[in-house]
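The values are calculated or read from the model by the stated rules, or taken from the named source; none is laboratory data. Owing to the predicted nature of the structure, the values given are computational and were not obtained by experimental measurement. As a convention, Cβ positions derive from the backbone with ideal geometry for all residues, glycine included, and neighbour counts pool all protein chains shown.
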Amino acid sequence: MLSHTLKLTAAAFIATIAATAAEAKCGDVTITEMNWASGSIVTAVSKFLMEQGYGCKVTVVPSATATAVTSVAETGRPDIVTELWLNGAPAYPALVAAGKVKTLGHVLTPGGIDAWWVPQYLVDEHPELAKIDGILAHPDWVGGKFHNCPEGWGCKITNDHLAEAFDLKGHGIEVFNHGSGETLAAAIAAANENKQPWFGYYWGPTSVLGKYKMVKVDIGPYVPEIHACNAVETCKTPGKSAYPPAEVVTAATTDFEKREPDIAALMSKVTFTNEQMSETLAWQDSKKASADESAVHFLTTYKTVWADWLSPEAKEKLAAVLK
């Protein structure tokens, strides 16, 4: 029943302004829909704004990081690739250098987050736990356990080297490798629901960080050469370095930017903070909602945010929604 209501709400929201769209000035646009939750929401929001604010005819192309980059390199399509995590797209800089694509903007700010975390309630009780030195000095306060990534994940390699550099074992902290991302998320949920100790790795934006108040542990500065070594299995000298923010961009083919400069300008401004996206993902999870329904939630919740993305003409078309 709830899902049916959400579908009706989303349809009504779109119908409210569909009649206000003027004759299209924008032509055909192809845009990726990445195969993860935040990527689907970014695409749904962008599609809505392009169609209803600019009169585009938008075709959504299901994709993934490597698939999207390969497609653009070989065919020049799709026109727009959004939520492209550059740490997983080593071929992307060559496409930029060759003049095939252009980075329009950063769709997640300040970027994707990889970090070690503890729950807010632990820091409220023991402020020392906001820093790694406090955790190492009081391992019992975090349950004597570090919750690590599953086997096969790149973050496990980095975390294993960080655990060695900080000598977690020598400080009485067991490194526990989770069997899946689901059990890692479930461990955070269970700890928060029961106000129990918890210390470990997680990333954002995610529904977990949108639902639970977690504190990013200060493990020191990001040191590029140390992090680069920590990230590979063959690292012989693990060191202490924070994770860098992951650069997450919206890119367009250079041909598209010339053909549809207004849409390129729009997409250069489509930016979600990690907090906004995590909150939207948490709402989606709690409601078991679709990407389109979650896009409506974002559009109705953050009107003052996306209004600034629009051209004056598009803002006028969407005036009924912005009231």
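Within the stretch 51-103, can you find the residues that are in contact with a Cys (Cβ under 8 Å, 6 or more places away or on another chain) and buried (at least 22 other Cβ atoms within 10 Å of the Cβ)?
The answer is Y54, C56.
Is it true that V232 is modelled with pLDDT of 95 or more and of a type in the set (A, V, I, L, M)? Before the answer, list the steps.
Values: modelled with pLDDT of 95 or more: no; of a type in the set (A, V, I, L, M): yes.
So V232 fails the test.
Going by the structure shown, is E279 assigned by TED's automatic domain parsing to the domain that holds D28, of a type in the set (D, E) and touching a strand residue (DSSP E or B) at 6+ places or on another chain (Cβ under 8 Å)? If you could, list the steps in order and put the result at the bottom.
Numbers: assigned by TED's automatic domain parsing to the domain that holds D28: yes; of a type in the set (D, E): yes; touching a strand residue (DSSP E or B) at 6+ places or on another chain (Cβ under 8 Å): no.
Against the criterion (assigned by TED's automatic domain parsing to the domain that holds D28, of a type in the set (D, E) and touching a strand residue (DSSP E or B) at 6+ places or on another chain (Cβ under 8 Å)), E279 does not qualify.
So V217 ticks every box in (1) surrounded by fewer than 12 Cβ atoms within 10 Å (Cβ to Cβ); (2) closer than 17 Å to W141 by Cα but one. Which box is left unticked?
With respect to (1) surrounded by fewer than 12 Cβ atoms within 10 Å (Cβ to Cβ); (2) closer than 17 Å to W141 by Cα, V217 is out only on (1).
Considering the stretch 256-273 alone, what residues qualify as being over 26 Å from G27 (Cβ atoms) and crowded, with 22+ Cβ neighbours inside 10 Å?
Kept after step one, since they are over 26 Å from G27 (Cβ atoms), are these residues of the stretch 256-273: 272-273.
If the condition is that a residue be over 26 Å from G27 (Cβ atoms) and crowded, with 22+ Cβ neighbours inside 10 Å, then F272 is the only one that fits.
For every residue, the table says whether it meets (1) among the aliphatic types (A, V, I, L, M); (2) in contact with a strand residue (DSSP E or B) (Cβ under 9 Å, 6 or more places away or on another chain); (3) in contact (Cβ under 8 Å) with a residue 24 or more places away in the chain.
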| site | (1), (2), (3) |
| --- | --- |
| A130 | yes, yes, yes |
| G172 | no, no, yes |
| H178 | no, yes, yes |
| A191 | yes, yes, yes |
| Q196 | no, yes, yes |
| Y202 | no, yes, yes |
| Y212 | no, yes, yes |
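Do you know which of the residues in the stretch 263-293 that are basic (K, R) and in a helix (DSSP H, G or I) is nearest to M214 (Cα to Cα)?
Let us first name the residues in the stretch 263-293 that are basic (K, R), namely 269, 287-288.
Still in the list and also in a helix (DSSP H, G or I): 269, 287.
Details: K269: 28, K287: 22 Å.
Among those that are basic (K, R) and in a helix (DSSP H, G or I), it is K287.
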